[in-house]
Amino acid sequence: MPYLPLEPVTKLSQIKPGTVIITYKNGAGRPFKHIALVQNYTPMDGTSPKAMIQIAEWGVGSGDIRDHQDNASVTLKLDATCEGMGSRKLIGWRSGTDELRFFVDSTPLRNEFSVRGWDICNREGF
């Protein structure tokens, strides 16, 4: 996994605020096309893969460069796969017909970035 050094989330109990969401589009020139964060995760039933996720996102894909939040009601697939992650099992959901959104563990990043730093103007301490 040379381009994505974060481990996939393997249990629903690992999904919490701050967990990274990667959007993968198979066949795209740059298949790892977007990154977002879980702002809030609410399982709809303790054992069901259905959940309500509030997602913190930013970027220019929608033409709006400001931070925004999306709420999504999703049914998570517990054994999703994508070419870019080899044979690793992922927890994620389909977004459209050709995109997979999946979770990776952000724990290794917690000591690397201050609370508000690199996410603003790509400079720490701005």
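For the reader, a short list of remarks on this structure follows.
- Residue that is at pLDDT 85 or above, among the charged types (D, E, K, R), touching a strand residue (DSSP E or B) at 6+ places or on another chain (Cβ under 6 Å) and part of a loop (DSSP other than H, G, I, E, B), where the choices are R101, R88: R88
- Top-ranked residue of the stretch 4-53 - restricted to ones that are within 23 Å of S87 (Cβ to Cβ), outside any strand (DSSP E or B) and β-branched (V, I, T), ranked as farthest from the chain's Cα centre (by Cα): T10
The values are calculated or read from the model by the stated rules, or taken from the named source; none is laboratory data. Values in this document were obtained by computation on a predicted structure and should not be read as measured data. When we count neighbours, we look across all protein chains shown, and the Cβ atoms used for this are built from the backbone with ideal geometry, even at glycine.
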